[in-house]
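Written out below as structure tokens is the structure these notes cover.
What follows is calculated from the coordinates using simple rules that are stated; it is not laboratory data. Keep in mind it's a predicted model, so treat the numbers as computed, not measured. Because the Cβ atoms are built from the backbone with ideal geometry, glycine has one as well, and the counts that use them run over all protein chains shown.
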Amino acid sequence: MDVLVLTEVSAGESGDVLAQLLVDDGYNVLLPASAPGDRYRVLVACRDAEPTALDIQAGSMQHRCVSARLALPAGEIGVVGLYVPSRGPKERRNQDKRAFQNFATGALPGLARTLDGCGPMVITGDLNVVEPDHEPRYAVFGEWEYDFYRAFGSAGFEDAYRLVEPSTVEHSWFGRPSVDGRRNGYRFDHTFIDKRHRMAVVDCRYEHSVRTSGLTDHAALITTLDLAHAAE
């Protein structure tokens, strides 16, 4: 696997230990410092290239919005790892989530310009939102959250999973079991690619074994790009 993007990486010592383990396994790692009061951050790692951090004016969000240029043997790509906050506690319900989404929505057009010229541009991570026509439909999601998903399309990006699976119903995270044992499923984890390089997407799929084994509570999202084709 050439590039890893990990979200919900601990802001504490365990996150630093994870980064070191990846280094010991041959990865070059980009992991920002934690932010005061936030328990999580995003990590970008690559075996075959040193991630070059890009300044996209993320400010206080830079630990949850990690942008890098990667000069891989097969070609150059731009990668952005996003981790959108969840709804949060009752006293701050949706405040951090909405603030981050507003920031990301405003940054997307400039992000495309920053990464332009470095091959395919990939934005991936746990967005904590679902697509507007998600099945099943959940009343908890507001139109402002669907607008965040739509913002990627407006900025020139396409949902890589939907390029491969236009109508498949699949979920990457499941809530707590109800009284009858059923668990609501959500497709929270997404990869977007710039429309100019949409043909570079060879595959995009969810790997559930990491979730069912208990390694994480999310399925892994694996996206395969043909960089040689992208360069045509």
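Legend: ranking of residues Asp147, Asp217, Asp189 from fewest to most surrounding C-beta atoms inside 10 Å; resulting order Asp217, Asp147, Asp189.
In the frame of its principal axes, the stretch 129-206 has Cα extents of 47, 28, 16 Å, reported largest first.
Sorted by packing (mean other beta-carbon atoms within 10 Å per residue), highest first, where do 151-160, 63-72 land?
On the way: 151-160: 18.3, 63-72: 22.3.
Descending mean neighbour count gives 63-72, 151-160.
Contact order, relative form, for the chain: 14 percent (alpha carbon pairs under 8 Å, 6 or more residues apart, mean separation divided by residue count). Enclosing the Cα atoms of the chain in their convex hull gives a volume equal to 131 cubic angstrom per residue. Taking every DSSP beta bridge that has both ends in the stretch 54-230, the antiparallel portion is near 80%.
Phi angles of the stretch 29-40 translate, via the Karplus equation with coefficients 6.51, -1.76, 1.60 and θ = phi - 60°, into HN-Hα couplings of 10, 10, 9, x, 5, 6, 9, x, x, 10, 8, 9 Hz per residue; Gly and Pro are given as x. With no solvent and one point on each alpha carbon, what is the Debye value of log10 I(q)/I(0) for the stretch 19-101 at q = 0.17 Å⁻¹? Values, matching the q order: -0.73.
Tell me, Trp173, Trp144 in order of fewest to most beta-carbon neighbours within 10 Å?
Taking fewest neighbouring Cβ atoms as first place, the list is Trp144, Trp173.
Each 10 Å bin from 0 upward holds the following percent of the Cα-Cα pairs of the stretch 54-150: 14, 43, 29, 12, 2.
Which whole-number percentage describes the relative contact order of the stretch 128-232, with Cα contacts under 8 Å and a sequence gap of 6 or more? Please report the intermediate quantities before stating the final value.
Numbers: 146 pairs, mean separation 26.0, N = 105.
Computed value for the stretch 128-232: 25 percent relative contact order.
Each of Thr191, Thr168 was scored by other Cβ atoms within 10 Å of its Cβ. Arranged with the fewest first, they read Thr168, Thr191. When you filter the trypsin sites (Lys or Arg not before Pro) in the stretch 98-170 for DSSP loop state and at most 11 other Cβ atoms inside 10 Å of their Cβ, you are left with Arg137. Computed log10 I(q)/I(0) for the stretch 1-45 at 0.22, 0.31 Å⁻¹: -0.67, -1.18, from the Debye equation with unit scatterers placed on every C-alpha and solvent omitted. Counting only DSSP H runs of at least 4 residues, each contributing -39500 (n - 2.57), and dividing by the residue count of the chain, the helix-based mean residue ellipticity at 222 nm comes to -7000 deg cm²/dmol.
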